[in-house]
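As structure tokens, the structure follows; a few thoughts come after it.
The values are calculated or read from the model by the stated rules, or taken from the named source; none is laboratory data. None of the values given here were measured: they were computed from a predicted structure. Cβ coordinates were reconstructed from backbone atoms using ideal geometry, including for glycine residues, and neighbour counts include every protein chain displayed. These area figures cover heavy atoms from the full protein model, side chains too; ligands, DNA and RNA do not enter into them. Shrake-Rupley method; radii C 1.70, N 1.55, O 1.52, S 1.80 Å.
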Amino acid sequence: MSTPLTPAPHRQPSWHFGQVVIGPPGSGKTTYCQAMQEFLEKLGRKVVVVNLDPANEGLPCACAVDVAELVTLDDVMEGLKLGPNGGLLYCMEYLETNLDWLEEKLRPHCNCYFLFDCPGQVELYTHQSSVKNIFAKLVKWNFRLTAVHLVDSHYCTDPAKFISVLCTSLSTMLHVELPHINVLSKVDLIEQYGKLAFNLDFYTEVLDLSYLLEHLAADPFFKKFLRLNEKLAEVIQDYSLVSFLPLNVQDKNSMMQVMKAVDKANGYCFGDLEERNLQALMSTVVGPDFHFDITLGVQEKYAPGSKTFEEEVMDL
């Protein structure tokens, strides 16, 4: 029977806080882990990165635990003659059956803050159960985790892709069953892919999607799928769970807002693992609920000249 990661005889914190960083391939998960590690260490936290992606090669930062010591995607593909998708599914199932290895690797770092860099295959977080079971086992080991779901912000420039991202994000939130933060990564590059149809807060707050559907209806290809898109939008808005925080890993304020949201979600801000004054505590507690000004600042900095949501509504 597994026991909490508390080495004897020294008493360590009863909870182990951290983030599981998930999202599609190329969304910036590894870059986020490196940037967040550096950011948190400057704040005085002792942080370790755990690589759970067996396809991750050439890591830019040192990992305290690397799943490549247990299994790698290349070895599985070569040995079992599987493709990349099937090979990655096998790797995560193999890790699930060898969680005692992971527990022993994590034990020496039990007094640290954890960043779990996870694989990017979407199926792992929408309907396949291996990663979900691994997260559940970590919770049983007294880990207080927040799922940080990264999505490339360039999807905002295409209404069809954005609706697809909303569906994927909602499905992931319901399947993973952890406190969850959705993040629009690479927001500093957002308008290099095209002009936004609405102000950035329309996408971060997931406002009335009917206006987005009208943009889709103007496209001859998507017009014939209008009814389908309407139903997808209804599902997203009926759940009313999905929203996003904008992130530029090179911007200290942007990183701070994500950190506050994560700390509130996993309860770190209510603990006693680091010194904090009352003002800092209250800022962490209420900060994520009042980030409209932050989003507006990001809009003005990285997507200047865009019309406000109200102006777009008047035009329609």
The answer for region 138-207, accessible area per residue at 1.4 Å probe in Å², is 32
If each part is reduced to its alpha-carbon centroid, region 72-114 and region 206-270 end up apart, in Å, by 31
Note, residue 151: beta-carbon cut-off 12 Å, +1 each Lys/Arg, -1 each Asp/Glu, net +2
Excluding near-sequence neighbours (fewer than 8 apart on one chain), region 46-191 holds lysine pairs with C-alpha atoms under 23 Å apart numbering 8
Taking r as the C-beta separation of residue 64 and residue 43 and R0 as 25 Å, the FRET efficiency to the nearest 0.05 is 0.85
For the residue 111, residue 250 Cβ pair and Förster radius 35 Å, calculated FRET efficiency rounded to 0.05 is 0.75
Measure of exposure for residue 14: accessible area at 1.4 Å probe, Å² rounded to 10, is 60
Stretched fully, the stretch from residue 98 through residue 127 gains (0.36 nm per residue minus C-alpha distance, one decimal, in nm) 8.3 nm
Given unit charges at Cβ for Lys, Arg (+) and Asp, Glu (-), the dipole magnitude of region 59-202 about its Cα centre in debye, nearest 20, is 400
Any trypsin sites (Lys or Arg not before Pro) in region 36-119 that lie in a DSSP loop and have at most 11 other Cβ atoms within 10 Å would be 81
Per the C-alpha gyration tensor (a ≥ b ≥ c, the square roots of its eigenvalues), region 10-52 is rounded if a/c is under 1.5, else prolate if a/b beats b/c, else oblate; here it's oblate
Those trypsin sites (Lys or Arg not before Pro) from region 156-226 that are DSSP loop and have at most 13 other Cβ neighbours within 10 Å turn out to be 195, 224
Between residue 47 and residues 5 or more places away or on another chain, the pairs with built amide H atoms under 5 Å apart involve 113
